[in-house]
Amino acid sequence: GILGKSTRTDKVITKITEYFWKFSVHYELIVFEGTNIKDSIILRSRDGTCELMTTSNVTPKPKVSVIPNIDMNITWLLQQLNDNLVFCLSIDRDSKSCHTPRRNEQTDAAVDFCTKFYHWSENVENYFRNRLFPVQPHHGLHMGSLNSSGVFVPVVPLFEKQYGKATDAGEGSSLVLPEKDVSAFMREQKNSLQARLGSLKQTFPNSTSLITSNEASIILCMCHCKAICQYYIDGVQYIEEIIRNQLLSAIGKVVTPADLIEYMEYHNRKVFKPEYAPRLLSYAIRRPDHYPEGILSIEAPSGLPIPTISHKIEGNHPMNFSINAATKIQFNGARYVHAWVNHKFSGDSGISLKLTARARQFSSFIIIIGNIISATSFNPKHAMIIQNKDDL
């Protein structure tokens with residue numbers, strides 16, 4: 001035979017078709033008056049592009065996508081500027097709605113604006129971080145540097161003890177810090193912001209791609225705006241807490257509406273004559289010359305009857321109420337008119353009351369709740385039988 005060897009080579013060729021797509025974006029940061037968008041002022045505008053690759057002839061993104069506008073009303077901010085474009089915000093201490101440096105109309109408007117501006121800045125930041133930047137893959141950029149770390153925030157609740165009168169011209173005694181200190185804070189903010197912008201320009205390229213130093217500077221400004229808004233809200237709340245803690249230290253406890261009611265009860269004993277002093281709204285239910293069947297009272301959350309100013313009217317004529325179209329029931333007895341003062345603090349709903357009825361053992365009575373519609377007619381709304389040690 002013939003001996004030898006042979007070699008066989010198999011070659012598989014896989015053909016892959018790659019499709020390249022051009023993704024482009026255009027955005028503008030504008031300011032306009034009212035609804036006149038045509039005459040808007042463009043603060044920043046840019047066009048960016050990047051190339052996307054797929055293995056199928058299907059566009060990876062919609063051909064056209066219109067993102068809803070992210071708007072912010074800055075009317076309140078502009079209204080606080082004087083003729084020299086200096087921000088001036090003062091609290092009307094003479095207003096009845098002014099209670100503390102935090103609880104007044106002016107501070108409420110400022111906090112409301114800061115809250116809305118915070119959310120607007122957050123929405124702008126989220127658009128770039130979560131919607132635009134993920135479109136450009138494999139960019140190799142350090143995205144962790146996109147924050148406002150190192151930028152000085154000039155909003156800090158500081159207190160300065162002043163000795164004597166203010167010496168700087170144009171400064172009132174209501175200023176916490178002199179104008180020179182405020183100007184120094186603003187310069188430090190400007191310098192630190194410019195330094196961070198300079199470092200971002202070295203980290204992010206200045207090209208036509210989607211992620212450049214322009215977008216990085218916008219995110220930095222949005223993060224800084226969020227910090228300013230948060231610092232202001234926390235600052236005014238911090239001042240409110242200081243005042244509250246000082247008040248608690250002076251009083252020794254948290255005063256509640258129940259404490260105020262207790263004080264008024266003590267005060268009423270000295271103001272009213274005994275026959276006119278408020279009395280607890282608690283009545284024994286009885287027939288004439290009989291032992292009480294039970295007790296009816298209106299009680300506070302503490303379980304004690306509320307004090308009321310009462311007036312008794314002797315029943316000179318009977319009253320009646322209907323139980324159906326053909327039947328009426330008459331009843332006699334004294335009538336009582338009660339007046340009760342509900343003490344509560346601003347923003348508090350007050351205390352909740354409960355109508356309590358208790359029956360003695362082997363006793364019963366009927367309680368009816370309704371409206372008096374005339375001098376002789378009673379319109380019942382609810383009714384129940386209380387009997388044999390019921391406690392409702």
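The values are calculated or read from the model by the stated rules, or taken from the named source; none is laboratory data. Everything numeric here is computed off the predicted structure, so don't read it as measured data. Glycine gets a Cβ as well: all are built from the backbone with ideal geometry, and neighbour counts include every protein chain shown. Keep in mind that these areas ignore ligands, DNA and RNA; they rest on the heavy atoms of the full protein, side chains included. Shrake-Rupley method; radii C 1.70, N 1.55, O 1.52, S 1.80 Å.
The number of residues in the range 253-264 that are assigned to a helix (DSSP H, G or I) and either touching a residue at least 40 places away in the same chain (Cβ under 8 Å) or loosely packed, with under 10 Cβ neighbours inside 10 Å (or both) comes to 5.
Here the range 265-281 is the region considered, the condition is being open to solvent by 50 Å² or more (accessible area, probe 1.4 Å) and in contact (Cβ under 8 Å) with a residue 12 or more places away in the chain, and the residue that is farthest from residue 337 (Cα to Cα) is 265.
Among the numbered conditions (1) assigned to a loop (DSSP other than H, G, I, E, B); (2) without any contact (Cβ under 8 Å) to a residue 60 or more places away in the chain; (3) under 24 Å from residue 67 (Cβ atoms), the only one that residue 123 does not meet is (1). If only residues of the range 70-125 that are farther than 30 Å from residue 220 by Cβ and open to solvent by 80 Å² or more (accessible area, probe 1.4 Å) are counted, the one that is nearest to the chain's Cα centre (by Cα) is 103.
For the range 344-354, a tally of residues being of a type in the set (A, V, I, L, M, F, W, C) and surrounded by fewer than 13 Cβ atoms within 10 Å (Cβ to Cβ) returns 1.
Contact annotation: residue pairs with Cβ atoms under 6 Å, 6 or more positions apart or on different chains, pairing a residue in the range 44-67 that is open to solvent by 90 Å² or more (accessible area, probe 1.4 Å) with a partner that is part of a loop (DSSP other than H, G, I, E, B), are 53/18.
Against the list (1) surrounded by fewer than 13 Cβ atoms within 10 Å (Cβ to Cβ); (2) within 30 Å of residue 216 (Cα to Cα), the condition residue 17 fails is (2). In this structure, residue 387 does satisfy being open to solvent by 80 Å² or more (accessible area, probe 1.4 Å), among the polar types (S, T, N, Q) and in contact with a Ser or Thr (Cβ under 7 Å, 6 or more places away or on another chain).
Can you pull out the residues in the range 193-216 that are crowded, with 17+ Cβ neighbours inside 10 Å and out of contact with any strand residue (DSSP E or B) (no Cβ under 9 Å at 6 or more places or on another chain)? Residues satisfying the conditions are 193, 196, 200, 204, 213, 216.
Scan the range 201-231 residue by residue and report those that are farther than 19 Å from residue 121 by Cα and assigned to a helix (DSSP H, G or I). Within the range 201-231, 201, 202, 203 qualify. Listed by first and then second residue, the pairs linking a residue in the range 135-149 that is under 21 Å from residue 26 (Cβ atoms) to a residue that is surrounded by 14 or more Cβ atoms within 10 Å (Cβ to Cβ) and of a type outside the set (Phe, Trp, Tyr), with Cβ atoms under 7 Å apart and 6 or more places separating them unless they lie on different chains, are 135/50; 135/210; 136/50; 136/209; 136/210; 136/211; 139/211. Condition check for residue 250 on (1) surrounded by 10 or more Cβ atoms within 10 Å (Cβ to Cβ); (2) more than 16 Å from residue 343 (Cα to Cα); (3) hydrophobic (A, V, I, L, M, F, W, C): one failure, at (1). Taking the conditions (1) assigned to a loop (DSSP other than H, G, I, E, B); (2) open to solvent by 60 Å² or more (accessible area, probe 1.4 Å); (3) in contact (Cβ under 8 Å) with a residue 12 or more places away in the chain in turn, residue 292 satisfies each one other than (2). Listed by first and then second residue, the pairs with beta-carbon distance under 6 Å, at least 6 apart or on different chains, first residue in the range 29-41 and within 19 Å of residue 121 (Cα to Cα), second of a type in the set (Lys, Arg) and surrounded by 11 or more Cβ atoms within 10 Å (Cβ to Cβ), are 29/44.
The number of residues in the range 305-319 being loosely packed, with under 13 Cβ neighbours inside 10 Å and part of a strand (DSSP E or B) comes to 3. Looking across the range 342-358, the residues that are touching a Gly at 6+ places or on another chain (Cβ under 6 Å) and either over 30 Å from residue 383 (Cβ atoms) or in contact (Cβ under 8 Å) with a residue 12 or more places away in the chain (or both) come down to 344, 358.
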